[in-house]
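For reference, the structure discussed in these notes is given below.
The values are calculated or read from the model by the stated rules, or taken from the named source; none is laboratory data. Predicted model only: the values in this text are computed from it and were never measured. Glycine gets a Cβ as well: all are built from the backbone with ideal geometry, and neighbour counts include every protein chain shown. All accessible areas refer to the heavy atoms of the entire protein, side chains included, with ligands and DNA or RNA removed. Shrake-Rupley method; radii C 1.70, N 1.55, O 1.52, S 1.80 Å.
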Amino acid sequence: PTFGEAVQIAQAVSAQTKVRPALLLAVLTQESNIGKNVGQCFLKDVKTGAGVSVKGTNFSNVMKPSRDVQPFLQITKELGRDPFATAISCPIPSVGGYGGAMGPAQFIPSTWAGYQSRLAELKGSPADPWNIKDAFLASALYLGDSGATKQTYNSEWCAAMRYFSGRCSTRHRFYGDSVMALAARYEKDIATLKEAN
């Protein structure tokens with residue numbers, strides 16, 4: 001979406017969830033540049049979770065087989081997507097762990113599966129992790145569950161850290177710091193757009 005469209009989506013989602021639009025925009029920018037980069041890898045082996053990047057680099061840890069492969073296969077089946085031709089995130093060597101995150105919000109399949117029923121209830125139809133509006137809503141639910149609805153710097157920073165690593169920790173503080181800097185910039189941009197209208 002254009003920035004203006006992304007702001008409108010974030011504002012509509014904020015009205016439902018009480019998560020600040022600027023924070024939503026910041027998280028989705030950090031995760032996928034608001035949907036411009038939804039992954040550069042593909043799952044190739046459902047037993048091991050191995051895969052390959054679009055450049056041909058083989059990865060043994062594209063998706064955690066015990067946690068995410070089956071939910072991913074179910075999600076793609078329900079949406080009519082080819083699981084082996086659907087882009088997902090590659091693992092980040094400097095961070096460790098697995099790739100396998102989906103769509104603009106970069107949810108891992110098992111986490112998305114845990115939010116599917118709430119998303120479907122809120123929107124009135126099945127949710128799609130590759131749909132930008134669904135991605136905003138999923139992000140807001142996760143951030144809200146992680147304390148972002150308090151709308152304080154610390155609560156939003158911790159929510160961003162939980163979004164990235166599952167806990168409020170300073171181990172990868174670059175992520176929370178980056179999200180909050182982006183959110184401050186977006187807050188100003190949103191105010192400028194509002195003045196212009």
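A few remarks follow.
- Answer residue from the stretch 10-37, given it is farther than 22 Å from Arg118 by Cα and hydroxyl-bearing (Ser, Thr, Tyr) and is least open to solvent (accessible area, probe 1.4 Å) among those: Ser32
- Verdict on Pro83 being touching a helix residue (DSSP H, G or I) at 6+ places or on another chain (Cβ under 6 Å), in a helix (DSSP H, G or I), modelled with pLDDT of 95 or more and open to solvent by less than 70 Å² (accessible area, probe 1.4 Å): no
- Selection over the stretch 42-66 of residues that are surrounded by 15 or more Cβ atoms within 10 Å (Cβ to Cβ) and either aliphatic (A, V, I, L, M) or touching a Pro at 6+ places or on another chain (Cβ under 8 Å) (or both) gives a count of 9.
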